[in-house]
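We did not get these values from a lab; they are worked out from the coordinates using the rules stated. This structure is a prediction, so every number in the text was calculated from the model and none was measured. Heads up, the Cβs are rebuilt from the backbone with ideal geometry, glycines too, and the neighbour counts pull from every protein chain shown.
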Amino acid sequence: MPEFPPIPDQLELLRRGLHDELPVGGLEDKLRTSVREGRPLRVKLGVDPTASRVHLGWAVVLRKLRQFQECGHTAVLILGTFTAQVGDPSGKSQTRKRLTSAQVEEYAEQCIGVLEQILLPERLEIHPNHEWLAPMDMAEVLELTTHTTVAQMLERDDFAKRFAAHKPISLIEFLYPLLQARDSVAVDADVELGGTDQTFNNLMGRHLQQALGRDPQAVCTVPLLVGTDGTEKMSQSLGNGIFIDDPPAEMFGRLMSIPDSLIVDYARLAAWWPTDTVEALSAGLRDGTEHPNEAKRRMACDVVDLYHGAGAGAGAEGAFDRQFRERRVPEDVPDFEIPARLPGGEMPGGEVGLVELVSAAFGVSKGEARRLLDQGGIRLDGDRVPAGDAHYGAVSLDGRVLQAGKRRFVRIRAVL
């Protein structure tokens, strides 16, 4: 019989950071069943590979799945290789643009290694859901639709709002929750995890299991992490993300840029501090005994350590201080060799156009390079570069540090 931590200890960890537990007390019931039957719970998390990188917002629910592994349970990770082509309507005010199978496959390949980095290799199953969804014939699809009604679908908040506003709702969007529910049946899930935007989909899985005579899963949801802009949920497309494969110094710097109002949420959902520690932090920030900057630093160090190893946070903090407090260039500035011909322009007389240089050095478009220059966001050896498309002699740039914004640096090397 497997050995599990005492149920109170499991609940302390597994309820940390939860937003909802449905039904109330359902998680504890599942844990007691696990002990009674001597088997680990099968804890499902479905992720649609719709982006190339994994940010801290996405990592919230992945970390929760890992906590179940740490308690001795089995993580069942569903890669939505089929559902990603359908498009999750959660939180959307209009029908999503559908992805091709090639796009989904590319995204899955790009992020699978990062997902496996967060989760433990033991007690881990990974299943692409096209394995059971793609072979379904029309009769099976029609049978699936008999287990819900249009009225039930319109109970969903985002569907209800669109219906009331006379905005179109595609029938394929009605199918998405049923397909995700079919995943729960396919893997015999005991518990399903998701963000708060997935509550309807997760409960549909519970409903379908029950309709098919299965033991219905418990549903545990976690809050959505707000991005660095302080308003929208973290998203790669919105440019407000902090990615777990960011270099330590960059991750630390972006964590320090969040509004003070988000410190408690990041301590709870990104650093995963214990509940009593988070409550003490919240109280200290309210009564002034906790300084926001110092709290943010401790949180940022712990997040960096979580993804880059013990001590990485302290090193990133030192780099941050050298750059911003002491106004010094970071120690590990990468070299950028000026190519013989920059994209979009010649180099007559060994001269380099600054727009082309910025574009090539930082991997941005020429339009973005001009915008950075016009807004005073480009520095050369710490001095702000005036707006305009200036030209420099390539030899005169050799060894100088080009800076874009607050955190991007390259040391120019002229190869003539």
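Taking the mean number of other Cβ atoms within 10 Å as a proxy for protection, how do you rank 123-132, 312-321 from highest to lowest? Before the final figure, lay out each step's value.
Values: 123-132: 16.3, 312-321: 19.0.
The packing order, highest mean first, is 312-321, 123-132.
Which net charge results when you count Lys and Arg as +1 and Asp and Glu as -1 among the other residues whose beta-carbon is under 15 Å from that of T231? Numbers along the way, then the final one.
On the way: positive: K233; negative: D229, E232, D260, D265.
Combined, the nearby Lys, Arg, Asp and Glu give -3.
Relative contact order for the chain using alpha-carbon pairs under 8 Å, separation at least 6, rounded to a whole percent?
Relative contact order here is 14 percent.
What order do you get for 109-119, 180-190 when each peptide is scored by the mean count of other beta carbon atoms within 10 Å, highest first? Walk me through the numbers on the way to the answer.
On the way: 109-119: 15.7, 180-190: 23.1.
Highest to lowest by the protection proxy: 180-190, 109-119.
Would you mind computing, in nm to one decimal, how far apart the modelled labels at I172 and L120 are, each placed 7 Å from Cα along Cα→Cβ?
The answer from the label model is 4.0 nm.
Of the residues A310, A165, A369, which exhibits the maximal mean-square fluctuation in a Gaussian network model of the chain defined by a 10 Å Cα contact cut-off?
Answer for the Gaussian network model of the chain: A165.
Add +1 for every Lys or Arg and -1 for every Asp or Glu among the other residues with Cβ under 13 Å from the Cβ of V60, and state the total. The partial results should precede the final answer.
Values: positive: R16, R63, K64, R66, K233, R268; negative: D197, D265.
So the environment of V60 carries a net charge of +4.
Roughly what % of DSSP beta bridges within the chain run antiparallel, to the nearest 5?
Details: 17 of 40 bridges.
Among the beta bridges of the chain, antiparallel pairing accounts for roughly 45 percent.
How do 289-296, 400-407, 73-80 rank on mean C-beta neighbours within 10 Å, highest first?
Values: 289-296: 13.4, 400-407: 17.2, 73-80: 23.4.
Final packing ranking: 73-80, 400-407, 289-296.
Taking 20 Å as the cut-off for C-alpha to C-alpha distance, list the pairs among K30/K233; K30/K64; K233/K366 that go past it. Could the numbers behind the result be given before it?
Working: K30/K233 31 Å; K30/K64 16 Å; K233/K366 29 Å.
With Cα atoms farther than 20 Å apart: K30/K233; K233/K366.
Please build a GNM for the chain, connecting alpha carbons under 10 Å apart, and tell me which residue among K44, K161, K64 fluctuates the most.
Top of the fluctuation ranking is K161.
Which whole-number percentage describes the relative contact order of the range 7-222, with Cα contacts under 8 Å and a sequence gap of 6 or more? Write down the numbers at each step before the final one.
Numbers: 336 pairs, mean separation 62.0, N = 216.
Relative CO of the range 7-222 lands at 29 percent.
Pull up the cross-link candidates among the aspartates and glutamates for K161, meaning alpha carbon to alpha carbon under 19 Å and not fewer than 8 places away within one chain.
Leaving aside aspartates and glutamates fewer than 8 places away in the same chain, those within reach of K161 are D88, E173, D197.
G113: net charge of surrounding residues, Cβ under 14 Å, Lys/Arg +1, Asp/Glu -1, itself excluded?
Numbers: positive: R53; negative: E106, E109, E116, D245.
Combined, the nearby Lys, Arg, Asp and Glu give -3.
Here are a few candidate values for Rg/Rh (Cα atoms, Kirkwood Rh): [x] 0.95; [y] 1.04; [z] 0.99. Which one was actually calculated from the structure I just gave you?
Recomputing Rg/Rh (Cα atoms, Kirkwood Rh) here gives the entry labelled [y].
Would you work out which of Q10, F174, A218 lies farthest towards the positive end of the dipole of the chain, given +1 charges on the beta-carbon of Lys and Arg and -1 on that of Asp and Glu, about the Cα centre?
About the Cα centre, the residue reaching furthest to the positive side is F174.
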